[in-house]
Structure formats: C-alpha cells, structure tokens
Amino acid sequence: MSVTGERIPILRLGKCLLVTIQVDMHDQLAMTLQADLASAIASQESSGLLIDISALEIVDSFIGRMIANTAAMCRVLDAETVVVGMQPAVAITLVELGLTLHGIHTALNVERGMAVLEHAAAAGV
Amino acid sequence: MSSAPIVAKQASFQLRSTVDLAVARRGVRDWAQNLGLSVLDLTRIVTAASELGRNVVVHGGGGVMHLEVVRAGDRQGLRVIFKDHGPGIPEIARAMQDGYTSGGGMGLGLPGAKRLVNEFDLSSTPSEGTCVTIVRWKS
C-alpha cells in the first residue's frame, strides 16, 4: 500500500467544492485531505464544501473527528460543510458509538446537499 | 451457557502503524462478509475493530490482532483479539466511561466499541500490556 503522495481529488462546482471519499482511508490520508480542503477553500474562495461519503463502509471516531474538524475549519474560513450520502448502517453505528456529529449539516445525496449550500449562501449576506 | 467456542479459522495481523490498521480493518471486513454477517453487524464489528486497533497502535506501542471465526453450538461469530505490550490501562473503570480520554481523542473508543459488539472483555496489567477480545455473533 502506497502512503506518500496519495491524494483524494477535490472537485470544483461553481462556488463549492466536492470531495468524494471512495477508499478506506488510513489515518495519514485523512489528515492530508483535511489540510488540502482548508487550502482549497481559501485559495478558491469557496463558500461551501460537500463531502460525499456514500462509498464509505465505516466511519470510526477518527474519521468522524476529521469530518467534524474539517467542518469547523471551513466555518472559520467562511464556508459551510455538508456531509452527504451516509449509508444507513454507518449512521446507526455512529450513533451507537456515541458520535453524533453535532452541528454538522447532512443531506441524503449530492443534489440535496447542493440545495442546502445554495440556500445557506442565499441566506448569508 | 455453552462451553468455550471452537475456533474454526484463524489469522493474525500486525498492528504497528495506521497503515497496518487499514489492512487489519480490511481483513475484519472481508471475514465478516464471508461469514454472512448483516451489513449492519459488519459495519459494527469493523468500526469496533478500528477503534480498538487504533488504541493498540497509538497507546499500546503496537501489537497484534487475531481474527477468528468461532462456533458455539449452532451459532457462528467473528472474534477479534487485540494484544499489546504497552503501558496498560491503570483505571479500567474510568477508561470504560464515555468521554474519558488519556488525551487526544474523544474518549469514545472503549465504551463505544463495547456497544457495537455482543461480547467484550478487557484485561490490562500496568506496564505489561492490554488485551481486548470482542465477539459479534451472526444473528
């Protein structure tokens, strides 16, 4: 398994960024992604971030914390974060684990997530 | 209850880095799927294994994970054993409380993992190490 140089691609959708997590991330890859997202939000002046986790089979407390930290970072950089596509089994497991992802916007899919971000952008001044 | 379950299949995974952890997690996932655990039970035991495996790597100074298919009567399940020779857990009762952390994390690992499995056993001796055993039975 290669470790160095691995990156998860970040796509631009208008004023928003979209990242689709399709691999079982090891911890270093998750930390790299978190840093990449903060840089991209700032350099591209994005107002929103969509994190698509529909392909993720598990979210443990480490990945949960990474998602929560990313959302907090984005908020400081004046961007909203929406986590989309969480599988039902992952949602049940997260709650049983005790991780409630408090304060993080979620949506069932990318389309609905975009609608949440557009609504937030329109409501903001 | 019945006597000790029979081990039908066994494999071991090194846990020295978080890359090892990803490999071990994949092993638990594949075995859970082959055993025919439901998607929810598979998600639960892989998540629990990820929490406990990370403890071994981060707090235990590395160790090993044993993965077993066990049979007891007509029940089948997946048993995962985590062993390290780290500093041990001085206050197990506190470590099992939600929100208690020795630093860095959110303190969900041990009590959270326990909620995700059918059986959970923790033994730890200060300066000798920690052993955690979990079982998820096929329903």
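Give the residue that is farthest from the other protein chains (Cβ to nearest Cβ), with candidates limited to residues of segment B:99-113 that are modelled with pLDDT of 80 or more and over 17 Å from A:MET66 (Cα atoms). Give the derivation first.
Just the residues of segment B:99-113 that are modelled with pLDDT of 80 or more, to begin with: B:109-113.
From what's left, over 17 Å from A:MET66 (Cα atoms): B:110-113.
Values: B:LEU110: 11, B:PRO111: 7, B:GLY112: 4, B:ALA113: 8 Å.
Applying the filter and picking the extreme gives B:LEU110.
Please go through segment B:68-86 and pick out each residue that is under 18 Å from the mean Cα position of the chain (by Cα) and not in a strand (DSSP E or B).
B:HIS85, B:GLY86
Scan segment A:36-55 and tell me whether some residue there is within 14 Å of chain B (Cβ to nearest Cβ) and either assigned to a helix (DSSP H, G or I) or touching a Pro at 6+ places or on another chain (Cβ under 7 Å) (or both).
So far as segment A:36-55 goes, no, none of its residues is within 14 Å of chain B (Cβ to nearest Cβ) and either assigned to a helix (DSSP H, G or I) or touching a Pro at 6+ places or on another chain (Cβ under 7 Å) (or both).
Looking only at segment A:76-117, filter to residues that are touching a residue at least 40 places away in the same chain (Cβ under 8 Å) and assigned to a helix (DSSP H, G or I); which one of those is surrounded by the fewest Cβ atoms within 10 Å (Cβ to Cβ)?
Checked segment A:76-117; the qualifying residue surrounded by the fewest Cβ atoms within 10 Å (Cβ to Cβ) is A:VAL110.
Condition first: among the acidic types (Asp, Glu) and either touching a strand residue (DSSP E or B) at 6+ places or on another chain (Cβ under 8 Å) or at positive phi (or both). Now tell me which residues in segment B:46-71 satisfy that.
From segment B:46-71, those among the acidic types (Asp, Glu) are B:51, B:68; that's our starting set.
Correct list: B:GLU68 only.
Only one residue in B:ARG71, B:ARG94, B:ARG79 is touching a Phe, Trp or Tyr at 6+ places or on another chain (Cβ under 8 Å) and among the charged types (D, E, K, R), so which one is that?
Numbers: B:ARG71 fails: touching a Phe, Trp or Tyr at 6+ places or on another chain (Cβ under 8 Å); B:ARG79 fails: touching a Phe, Trp or Tyr at 6+ places or on another chain (Cβ under 8 Å).
Just one listed residue meets the conditions, B:ARG94.
Quick check, is B:ARG79 of a type in the set (D, E, K, R), surrounded by fewer than 15 Cβ atoms within 10 Å (Cβ to Cβ) and farther than 20 Å from A:VAL59 by Cβ?
Numbers: of a type in the set (D, E, K, R): yes; surrounded by fewer than 15 Cβ atoms within 10 Å (Cβ to Cβ): no; farther than 20 Å from A:VAL59 by Cβ: yes.
Criteria not met by B:ARG79.
The values are calculated or read from the model by the stated rules, or taken from the named source; none is laboratory data. Everything numeric in this text was worked out from a predicted model, so none of it was measured. Methodologically, a virtual Cβ is constructed for each residue, glycine included, from the backbone with ideal geometry; neighbour enumeration extends over all protein chains shown.
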